[in-house]
1. From the list Ile366, Ile309, Ile352, Ile303, pick out the single residue that is among the hydrophobic types (A, V, I, L, M, F, W, C), under 30 Å from Lys118 (Cα atoms) and open to solvent by less than 50 Å² (accessible area, probe 1.4 Å).
2. Select from the stretch 130-155 the residues that are open to solvent by 100 Å² or more (accessible area, probe 1.4 Å) and of a type in the set (A, V, I, L, M) and list them in ascending order.
3. Can you find, within the stretch 113-127, the residue that is most open to solvent (accessible area, probe 1.4 Å) among those that are over 28 Å from Gly19 (Cα atoms) and in a helix (DSSP H, G or I)?
4. Restricting attention to the stretch 67-112, report how many residues are assigned to a helix (DSSP H, G or I) and either surrounded by fewer than 23 Cβ atoms within 10 Å (Cβ to Cβ) or not hydroxyl-bearing (Ser, Thr, Tyr) (or both).
5. Within the stretch 7-22, is even one residue over 21 Å from the mean Cα position of the chain (by Cα) and over 23 Å from Pro165 (Cβ atoms)?
6. Within the stretch 241-257, track down each residue that is at pLDDT below 90 and surrounded by 13 or more Cβ atoms within 10 Å (Cβ to Cβ).
7. So which residues in the stretch 312-340 are within 25 Å of the chain's Cα centre (by Cα) and open to solvent by less than 70 Å² (accessible area, probe 1.4 Å), if there are any at all?
8. Quick one: would you say Leu168 is open to solvent by less than 50 Å² (accessible area, probe 1.4 Å), over 30 Å from Ile277 (Cα atoms) and modelled with pLDDT of 95 or more?
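The values are calculated or read from the model by the stated rules, or taken from the named source; none is laboratory data. Keep in mind that this is a model prediction, so the values were computed, not measured. Here the Cβ is made from the backbone with ideal geometry for all residues, glycine too, and neighbour counts use every protein chain on show. Side chains included, ligands, DNA and RNA excluded: accessible areas come from the protein's heavy atoms. Shrake-Rupley method; radii C 1.70, N 1.55, O 1.52, S 1.80 Å.
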Amino acid sequence: MTQKLQIVAFDNPFPPNYGGVIDVFYQIKALASLGVGIELHCFTDTRRDFEVVESICDAVYSYPKTSRFKALFSKKPIALATRESRLLTQRLSQSDAPVLLQGLQSAAMLVNGLGTSKAVYLRIQNIEQQYYRGLANAINNPLKALIYNWEARKFKDFEPYLKTPQTLFTLSHHEQHYYSQLNTSVYVPVFHENEIVQKCSEFGEFALYHGNLSVADNLKTACFLIDVFKEVDYPLVIAGSFRQEVIQKKIKNYKHISFEPIETAQKLDALLARAHITLNLSFQRSGTKLKVMNALFKSRHCIVNENVIDEPETLAASHLCTSAVAIQEKVMDLRSEPFTEFEKRQKLLDGIFNNRKNAKKIKQSIF
């Protein structure tokens, strides 16, 4: 007998081309591969390609997001207030199947008692109030900083509703420790696209930082690394989308620092395959960064700080640096060190970040 599950997502998870939807898309794929029949509900305005998720799920429904201006004055965070639908509530109530909410952005219905009328589970992707405070601290626009801090307060005020779901599924140890004080919580590492560690040559060509540079924290990190590499005799490539004019202006006097626009996933994969060192840093703590997964599966030496991952075994396979000087010294050490531990890394990652194994944790908790 097929076990049925209703999933509510904050966006159409296809294409899986940014952090949050990557976790959702590969989670759905893994659950479906275990025989779970999925009815997918997602809020979206511009991402209208449903063909792939329709091939995975039993049914797919989409709902428009509501006005952000009106949501600004709601007691709920904007991300929740723009994702409410009476039609969705009706459809969920017509089925006895449990509901799995993806991210706090999908959890507005908890206010209306969804978790008291049927079995509801919640996948946690961030401690959102910490994330928004981090955005406020990273941006130079006072008005946006005010809005971000306001959102952080709303997310904190929303926390009592997180006691309603049967279980919270967290994706980092930091979040697991935090949310286990509110409700029953199960640590389920991030879902991602990778299965096999790519075997590269022992040496790459440069150090690489990549990210969406329209995100304030990523742009701040890129500028920080440019300052770090001013004093390092080793090439640095900054790769990303948006705001490249800021980066190009900052690097114009440094021939060993360059910018590469990322137009496609294939372009990023090619850069990862050429990089000898990947730099995976953040100024705010926000769960496990998927860029770390890509770096570990597709490149060589991996430098991280404490904000991007807190899985102990994975940290041991990376190089933890907590200051500019530490990064400079580690880069100088690693530039002449071959990377040969591809098989060891494969065994390590398969033990922790195997999508099928982690989907079984969710399935066993729900059914």
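1. None of the others qualify; the one that does is Ile366.
2. Leu143, Leu146
3. Thr116
4. 23
5. no
6. Within the stretch 241-257, Ser241, Phe242, Arg243, Gln244, Val246 meet the criteria.
7. Answer for the stretch 312-340, where residues must be within 25 Å of the chain's Cα centre (by Cα) and open to solvent by less than 70 Å² (accessible area, probe 1.4 Å): Thr314, Leu315, Ala317, Ser318, His319, Cys321, Ser323, Ala324, Ile327.
8. yes
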